[in-house]
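Here the structure comes first, spelled out in structure tokens, and everything after it is commentary.
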Amino acid sequence: GAAATAADFTLSALLPPERLARLADFHRRDAAQPGVAELLAALIERAFAPQPRGVRQDEITRTVQAVVVRRLLGSALQPTQTPAVRAALEDALRLLAARLDREARASTPADRALRAMLSGDITRALARVGPTPGVLSGAPSDIPPGPPIGSTGTTDECEWLWR
């Protein structure tokens, strides 16, 4: 749950329609600025890049990958997205679905199952056919109120007290 909440919180800050529209506009004005496609490619590459992991890290990675797909689908289905942003989101999602299909053959059973599920979710959502579980519902828990766990309540939040 903590991994899903952290990933969801991060993506909620990166993917609001207004922010993506500004990113597209800044890139249109100056091609040296990153555009929506570059942001999405970097985000997907980071979440889905193969890396040596352990069993626990594998499950955390799968959780983050599911959140990334859910958030990208949610953004693509937002009625307030500009056409350019929606096109970039849908293109990135199509490429991701194809990648998931290709990579599923060489992965563990848990990875294979997740990749098949995510690819199916993407395909159904982009075809606007049937429900897409977890896209607009089933969001991770909200970040609990209060200071972070281990916080002393002082202004120096990096100090941990071990008693």
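Nothing in this text is a laboratory measurement; each read-out follows from the coordinates by a stated rule. Since the model is a prediction, treat every value here as computed from it, not as a measurement. Neighbour counts run over all protein chains shown; Cβ positions are idealised from the backbone, glycine included.
Report the Rg/Rh value for segment 15-75, based on alpha-carbon coordinates and the Kirkwood definition of Rh. With Rh from the inverse mean 1/r over Cα pairs, Rg/Rh is 1.10. With a simple spin-label model that places each label point 7 Å from the Cα along the Cα-to-Cβ direction, the separation between Arg46 and Phe9 comes to 1.6 nm.
The convex hull built on the alpha-carbon positions of segment 1-138 has an orientation-averaged projected area of 8.6 nm². Per-residue 3J(HN,Hα) values for segment 69-75, derived from phi via the Karplus relation 6.51 cos²θ - 1.76 cosθ + 1.60 with θ = phi - 60°, read 5, 4, 5, 5, 5, x, 5 Hz in sequence order (x marks Gly and Pro).
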